[in-house]
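For reference, the structure is listed below as structure tokens.
The values are calculated or read from the model by the stated rules, or taken from the named source; none is laboratory data. Note that this is a predicted model, so its numbers are computed, not measured. Cβ placement follows ideal geometry from the backbone for every residue including glycine, while neighbour counts extend to all protein chains displayed. Note: areas computed on protein heavy atoms with side chains; ligands, DNA, RNA excluded. Shrake-Rupley method; radii C 1.70, N 1.55, O 1.52, S 1.80 Å.
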Amino acid sequence: MAKVLAQPRRTVETKRASGAAGSEAIDDYLKAIFQLGGREERQVSSTEIAAHLAISGASATNMLQKLGSL
């Protein structure tokens with residue numbers, strides 16, 4: 001039986017090290033999620049993130065999709 005080797009997942013840090021564009025934006029989104037989620041770690045909606053960062057809902061959704069694929 002042949003073994004299937006999984007590709008190593010690239011973390012945010014390795015993508016930053018490789019020069020990924022938008023790392024500052026990623027930081028902003030992660031900070032917003034952390035701040036809005038609070039101590040009880042509740043789910044945060046894309047609408048809440050958009051309002052917090054003063055951006056459109058579509059922009060927030062696009063970045064959340066990018067973060068989900070990391």
So, first residue at pLDDT 90 or above and hydrophobic (A, V, I, L, M, F, W, C) in region 28-42, second residue in a helix (DSSP H, G or I) and open to solvent by less than 100 Å² (accessible area, probe 1.4 Å), Cβ within less than 8 Å, six or more apart or across chains; the pairs are LEU30/LEU67; ALA32/ILE49; ALA32/HIS52; ALA32/LEU53; ILE33/ILE49; LEU36/GLU48; LEU36/ILE49; LEU36/HIS52
Apart from one, (1) modelled with pLDDT of 55 or more; (2) surrounded by 10 or more Cβ atoms within 10 Å (Cβ to Cβ) all hold for ARG10; the odd one out is (1)
